[in-house]
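In what follows, a structure is listed as structure tokens, so that the remarks can point back to it.
The values are calculated or read from the model by the stated rules, or taken from the named source; none is laboratory data. In this text the structure is predicted, and so the values were computed from the model without any measurement. Counting neighbours? That spans all protein chains shown, and the Cβs are built from the backbone with ideal geometry, glycine included. Side chains are part of the model used for accessible areas, which takes the heavy atoms of the whole protein and leaves out ligands, DNA and RNA. Shrake-Rupley method; radii C 1.70, N 1.55, O 1.52, S 1.80 Å.
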Amino acid sequence: MTAIVVIAKECLPGKVKTRLHPPLSLEQAAELAAASLADTLAVASQLPATRHILAFDGVTAPVEASAWEILPQSAGGLDERLAAIFDTVAEPTLLLGMDTPQISAELLAPVFTGWGDETDAWFGPADDGGFWALALKSPSGTLLRGVPMSRSDTGAHQLRRLDEAGLSVRLLPTLTDIDTITDAHIVASVAPRTRFARAFAGVRASARLQNADFLPAALSGARS
């Protein structure tokens, strides 16, 4: 059996998704972060996990996690905070971020059915070079502590750490993390039925009312 942990910040203006500002306001960025987190929690709640845990940095947890265990995040850099989670949970554990609302129960189902004797870890790479999911059959913070985070080579470093530990790793699909406005457009287009996509459509409608457009140059060229 497998536990699931979603790591998240409280979605307050100026605290989350600040790379979306500009062109979004800090309030709009926080609104999109909250929608992304809500989508993630909704999917995670469908999974047959032994425990549902929110590793939370904040005061007021989202209502979607009202039935979840709340685990306060530790101090330190992201590698230390992730390591602390895997040191706390003893059973096989799947860790998810809050920035991939396009995930589905079907996409994650193999983690809950396909461990077997030949799989020690599952790794979900992000197309910016990081990772959006990591599952460990035998959780240990030493597998993450010291890995450089929030870099274009973070995923490569993390995979190397798992390989050096002698773990057999299976890959999940590569997904787009929402960090920039371009990412937001991509995710909203590939997952149009998500709460995130609806919130993003509302933000775009507001921008049009204000005679503004935050369509990235690359996508604007494709539209014209």
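Across the stretch 184-195, in residue order, what do the Karplus-derived ³J(HN,Hα) couplings come to in whole Hz, using 6.51 cos²θ - 1.76 cosθ + 1.60 with θ = phi - 60° and x for Gly and Pro?
Working through the residues one at a time gives 4, 4, 4, 5, 4, 6, 8, 10, x, 9, 7, 4 Hz.
Gaussian network model of the chain, Cα springs within a sub-10 Å range: biggest mean-square fluctuation belongs to which of Val190, Val43, Val111?
Top of the fluctuation ranking is Val190.
Ala55's amide H: which non-local residues (gap 5+, or another chain) put their own amide H closer than 5 Å, with H modeled 1.01 Å from N in plane and none for Pro or chain starts?
Correct list: Val6, Ile7, Ala8, Leu71.
Share of the stretch 39-100's accessible area from carbon and sulfur, percent, 1.4 Å?
Ligands and nucleic acids excluded, carbon and sulfur give 56 percent.
Separation between the Ser189 and Asp117 pseudo-spin-labels, each 7 Å from Cα along Cα→Cβ, expressed in nm?
That separation, rounded to one decimal, is 4.7 nm.
For the chain, with every protein chain kept in place, what is the accessible area per residue (1.4 Å probe, Å²)?
46 Å²
Could you go through the stretch 17-32 in sequence order and give the Karplus-derived ³J(HN,Hα) for each residue, using 6.51 cos²θ - 1.76 cosθ + 1.60 with θ = phi - 60°, rounded to whole Hz, and x for Gly and Pro?
The phi angles translate into 6, 5, 6, 7, 10, x, x, 6, 6, 5, 5, 5, 4, 5, 4, 5 Hz.
Which of the three applies to the chain, rounded, prolate or oblate, going by the alpha-carbon gyration tensor with a ≥ b ≥ c and a/c under 1.5 meaning rounded?
prolate
Taking the chain as a Gaussian network, Cα atoms linked when under 10 Å apart, which of Leu96, Leu143, Leu32 shows the biggest mean-square fluctuation?
Of Leu96, Leu143, Leu32, the most mobile in the Gaussian network model is Leu143.
Taking springs between alpha-carbon atoms closer than 10 angstrom, which of Ile178, Ile70, Ile85 fluctuates most in the Gaussian network model of the chain?
Taking springs between Cα atoms under 10 Å, the residue moving most is Ile70.
With θ taken as phi - 60° and the coefficients 6.51, -1.76 and 1.60, list the Karplus ³J(HN,Hα) couplings across the stretch 59-69 in order, rounded to whole Hz; mark glycine and proline as x.
10, 10, 6, x, 4, 5, 9, 4, 9, 8, 6
Percent relative contact order of the stretch 1-113, based on C-alpha pairs within less than 8 angstrom and at least six residues apart?
After rounding, I find 39 percent.
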